Amino acid sequence: MLPGAADDASEPGYPAGMPASDLSSWVPRLLAAWHDHAPGERGRGSADRLQPREVESLAHALLRLQRGLTGDRRLVGVSYMDDPTLLGAYLLYYWPASYTQARFALRVLDRPFPRVLDLGAGPGPLLAAAADHAIERGVPVDLVSAERSPDATRIARDLLEGADLALRAYTWDAERDRLPAGRFDLISMGWMLNELWSGQPDRVRRRADLLGRIAGALSVDGVLLLLDPASLGPSRDLLAVRDLLVTRGHPVLSPCFFQGPCPAVAREGGTCHAEIDWTMPPLVYDLALKVGLHRERLKMAWLAVGRRGDAAPTASAAWRVVSEPMVNKSGRTRLLLCGASGRTTLSAKAGEGTAAEAAFFGLRRGDIVEIVNPETRESGLGLGAGTRIRRVGRR
């Protein structure tokens, strides 16, 4: 249930289509929920920002949570949501990030989801994101939570009811319990898959088996959405799960254009992740500053797949930039691209005078581009006199 690690960034702000106002209505509810549920904190604090002494009291818990899930990973698979201090740290630091990452993925999928089931829902950031996604499209939404922590479920219910949203909640353990009955347009699992069977040699197969069963509860054209940390181990595991699902007939709906085995898996240390710029709410900023964590840019590994046997999306002529710029010793800049035919590189050197040069050096990870008349090189694609680059999206 932990968002992917973030890194430093010099240009905070929402990318196109990510309104900052989406999160602002939830921040007062998050603080109110924490004040109501945290021992000794009832009725204290301001509406949208932590008091200094509150920052102090949460900082230690936040470091425990961060280290336990991304450092030594001692909390992986543990019911940390049952610890009030860890739940508070999650609620006021990771919840806003999780919400933003889920909103990003749902906007990429760009379709309505009237019936939503969130597995391992915790205190509800993905449910809130799905609700706002539906409201934005004028679609009524039915929200269902499956979570093993009663305290986290109570907070999720309080948060959603504060926004005039109803929640049907079920106690659910991934390794033992059946799914709630029904068919769902969206089944989401945020920051949970990497915690299942962690460290076990057959974890990829067992995760794929579970997801195959879960996908059986999707409606026609339904989507199974998976969000996991962008760190190397969890992200490579998610790609390996992706490949196994593909061999079993599940179409990849996003973010991949390629339906074959992921080229990143074949490369030692290879991975793939998304990055999202955002403006941190003050409460997140205050905690980040206190403990020395940086949250200006959010990273995540994510995947959306369909039911077994469903048709794959129509092949696209576009490419997605899947790396940061890499400069070799000769000063040539190279970008990794992934498209319907797999991965390739696009390279250029500043000062060569091609018409596409300015567009090339403005590209960043996540951009979707169409490339007309590229120059074919032994190592990939390059810019020629007739090359044109058109950015058609950023997802």
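Read-outs throughout are calculated quantities, based only on the coordinates presented, and are distinct from any laboratory measurement. Since the model is a prediction, treat every value here as computed from it, not as a measurement. FYI the Cβ positions are ideal-geometry reconstructions off the backbone, even for glycines, and counts take in every protein chain you see.
The slack in the chain from Asp82 to Arg267, taken as 0.36 nm per residue of separation less the alpha-carbon distance, amounts to 62.7 nm. To the nearest ten degrees, helix 125-136 and the longest principal axis of the Cα atoms of the chain are 70 degrees apart.
To the nearest ten degrees, helix 203-215 and the longest principal axis of the Cα atoms of the chain are 80 degrees apart.
Partner lysines whose Cα lies under 25 Å from the Cα of Lys349, excluding those fewer than 8 positions away in the same chain, are identified as Lys329. The candidate values were (i) 56; (ii) 64; (iii) 53; the one computed from these coordinates for percent of Cα pairs over 26 Å apart carries the label (iii). Note on the stretch 98-238: dipole from Cβ charges, positive end direction compared against Ala215, Trp191, Pro125; the farthest Cα belongs to Ala215.
Which FRET efficiency, nearest 0.05, do Ser316 and Arg364 yield, Cβ-Cβ r, R0 22 Å? The value I calculate is 0.70.
With the charge dipole of the chain set up from +1 on Lys and Arg Cβ and -1 on Asp and Glu Cβ about the Cα centre, the Cα lying farthest toward the positive end among the listed residues Pro229, Pro261, His60 is that of Pro261. Annotation: amide H-H contacts under 5 Å for Arg377 (H modelled 1.01 Å from N, sequence separation of 5 or more, or interchain): Gly382. The lysines whose alpha-carbon is closer than 24 Å to the alpha-carbon of Lys290, local same-chain residues fewer than 8 away aside, are Lys299. Using a cutoff of 8 angstrom between alpha carbon atoms and counting only pairs six or more residues apart, the relative contact order for the stretch 319-394 works out to 30 percent. By the helix-only formula, in which each DSSP H run with n ≥ 4 contributes -39500 (n - 2.57) and the sum is divided by residues, the chain has a 222 nm mean residue ellipticity of -9500 deg cm²/dmol.
For the chain, the longest principal axis of the Cα atoms and the long axis of helix 27-37 meet at an angle of about 40 degrees.
Over the stretch 6-305, Cα pairs under 8 Å with separation of 6+ residues give a relative contact order of 22 percent. Pick from Asp367, Asp202, Asp228 the residue whose mean-square fluctuation is largest in a GNM of the chain, springs joining Cα atoms under 10 Å. Comparing Asp367, Asp202, Asp228 in a Gaussian network model of the chain, the most mobile one is Asp202. Taking all Cα-Cα distances within the stretch 319-394, those exceeding 20 Å account for 18%. The smallest convex shape that holds all Cα atoms of the stretch 58-159, its convex hull, gives 98 Å³ per residue. Computed over the stretch 141-246, relative contact order equals 26 percent, with contacts defined as Cα pairs under 8 Å that lie 6+ residues apart.
Evaluating 6.51 cos²θ - 1.76 cosθ + 1.60 at θ = phi - 60° for every residue in the stretch 102-112, the Karplus couplings come out as 5, 4, 4, 4, 5, 5, 4, 5, 6, 8, x Hz, glycine and proline recorded as x.
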